[in-house]
Every structure is written in C-alpha cells, then in structure tokens.
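Worksheet: the structure to be examined is printed underneath.
The values are calculated or read from the model by the stated rules, or taken from the named source; none is laboratory data. Just so it is clear, the model here is predicted, and its values are computed rather than measured. So basically every Cβ, Gly included, is an ideal-geometry build from the backbone, and we count neighbours across all protein chains shown. Each accessible area value is taken on the protein alone, full model and side chains, heavy atoms only, with ligands, DNA and RNA left out. Shrake-Rupley method; radii C 1.70, N 1.55, O 1.52, S 1.80 Å.
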Amino acid sequence: AQSVTQPDIHITVSEGASLELRCNYSYGATPYLFWYVQSPGQGLQLLLKYFSGDTLVQGIKGFEAEFKRSQSSFNLRKPSVHWSDAAEYFCAVGPNDYKLSFGAGTTVTVRA
Amino acid sequence: SQTIHQWPATLVQPVGSPLSLECTVEGTSNPNLYWYRQAAGRGLQLLFYSIGIDQISSEVPQNLSASRPQDRQFILSSKKLLLSDSGFYLCAWSVLRTFQGSGANVLTFGAGSRLTVL
C-alpha cells in the first residue's frame, strides 16, 4: 500500500529565509509524486509533479523539489520565502491509477 | 480552458438533515471525478471517485453517497448528517495523461465546500 508522511506539522520561517518541507513516501514501484498548496479556505493548487527523468523538479512560485529514491523522499524547497507563501502544503503519491494518497500537510507561517 | 465549480461554498446544517454538494467541470469531457474530505487539522481523505457516468467507487464506509448523473457533474449526498460529517469537502477532476508510455492522473481541485453540522 502507498502512504505519505510529512514529519513537520508546522514550520515558521522568516520572510526572505529559505524553506524546506519534508516528504517521505512508501510505495512499491516508481511513484508519481506531487506537491500541492492550499491557501486558507481555498482548494488545492498543484505546485509541481514528478513522473520520471530529472530528479530535480521545478514548479510554480519559485518552488522546487528533489526526488531521492534511496531515501524515499520528495522534499520541497524555496530559496527565499515571501509572505504570500504562508499556506498549507501537501505531498501526495500515486501509482498508475486513479487514486492519490496525501500526507497530513505542513502549515507554513511566515513572519516579517 | 477547464474549470471546476463547487457549491455551496459554505453550509451549516443540523444533525439529521440531508446534504447535497454539487460539483461541475467545464471544458473537458469524460473526466475522472473525485470527492475528498479534509477534517480539521488532518490531511485529505478520498471519499469517492468516478471514471464515468454511474461508475462510482467508494473508498471508505460512511454516511455519505455520491452520484454522477451527467458526464461532468458529481454530487455528494447524505440522507441524515452526523456531527462527524463536518469538514471541508473538495471536488477534483483529472484526465489520464500519458507520459513516456505511462499514464498518470493529475488532480485539479475546486475551491471547496465547508460543511458544519450542529
């Protein structure tokens, strides 16, 4: 069975500082990996996805993620955080069918 | 371009009352449709998904049901709401995309419907 773990429930970061959100997955084959962002009271927006190929994936809003098969990880990073990046971030993993498994989410707070 | 609409955005209902949340997708045909629930402080739980009209799979036993009367319409219902049904309900759609010989579904979410059961 597939599963996703986001170890950090809440992260606080200063504006302009770097951000890294951790994601570990469990899946028996090559996974499809995703990061979504949810602003308060809103739906989820896709930040980036990994299917295969280059293990460093670029997404929208200046985010990137690196797939590390040996560590079963797909961590999300941003070099310099903006106040508008305050949101909840979800990692998700899927096989080649219709269902994704989501992590519990990491809430990011940005302080001035 | 494709758009997804959910309504109502906010709903407050008494215990034991019925529920109907609607979701429609525009700009695509034969989408896969999904209902997720997000309880306070928790991740997303897949409730139902549908790969076609009248083809609906339930992921967890619960007090809810789903229907797909038209290709691009997905409805979440309950005959009698429970307190535990409170949460943020998200509809999503996807189209199977082939990438280097393999398929994958990339979900696009609606804005969500917040249900409070009192």
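Details
- Boolean, A:Phe63 is closer than 25 Å to B:Tyr34 by Cα and either of a type outside the set (A, V, I, L, M) or modelled with pLDDT under 95 (or both): no
- Scope segment A:87-112; condition in a loop (DSSP other than H, G, I, E, B) and open to solvent by 40 Å² or more (accessible area, probe 1.4 Å); matching residues: A:Asn96, A:Asp97, A:Tyr98, A:Lys99, A:Ala104, A:Ala112
- Residues that are under 13 Å from the mean Cα position of the chain (by Cα) and either assigned to a loop (DSSP other than H, G, I, E, B) or modelled with pLDDT under 85 (or both), drawn from segment B:45-80: B:Glu59, B:Leu64, B:Arg72
- Residue within segment B:104-115 that is more than 12 Å from every other protein chain (Cβ to nearest Cβ) and either at negative phi or modelled with pLDDT of 90 or more (or both) present: yes
- Among (1) more than 12 Å from the chain's Cα centre (by Cα); (2) away from chain B (no Cβ under 13 Å) - the single one A:Ser39 does not satisfy: (2)
- Any pair with Cβ under 6 angstrom, 6 or more apart, that starts in segment A:7-20 at a residue that is at positive phi and ends at one that is assigned to a loop (DSSP other than H, G, I, E, B) and open to solvent by 40 Å² or more (accessible area, probe 1.4 Å): A:Gly16/A:Ser80
- Against the conditions (1) within 14 Å of chain B (Cβ to nearest Cβ); (2) open to solvent by less than 70 Å² (accessible area, probe 1.4 Å), A:Ser84 satisfies every one except (1).
- B:Leu90 falls short on exactly one of the conditions (1) open to solvent by 30 Å² or more (accessible area, probe 1.4 Å); (2) at pLDDT 90 or above; (3) part of a strand (DSSP E or B); (4) in contact with a Gly (Cβ under 7 Å, 6 or more places away or on another chain), and that condition is (1).
- Residues in segment A:46-66 that are farther than 12 Å from A:Cys91 by Cα and in a strand (DSSP E or B) were compared, and the one that is nearest to the other protein chains (Cβ to nearest Cβ) is A:Val57.
- Selection of segment A:3-45 for residues being polar (S, T, N, Q), open to solvent by less than 70 Å² (accessible area, probe 1.4 Å), closer than 12 Å to A:Phe90 by Cβ and not in a loop (DSSP other than H, G, I, E, B) yields only A:Gln38.
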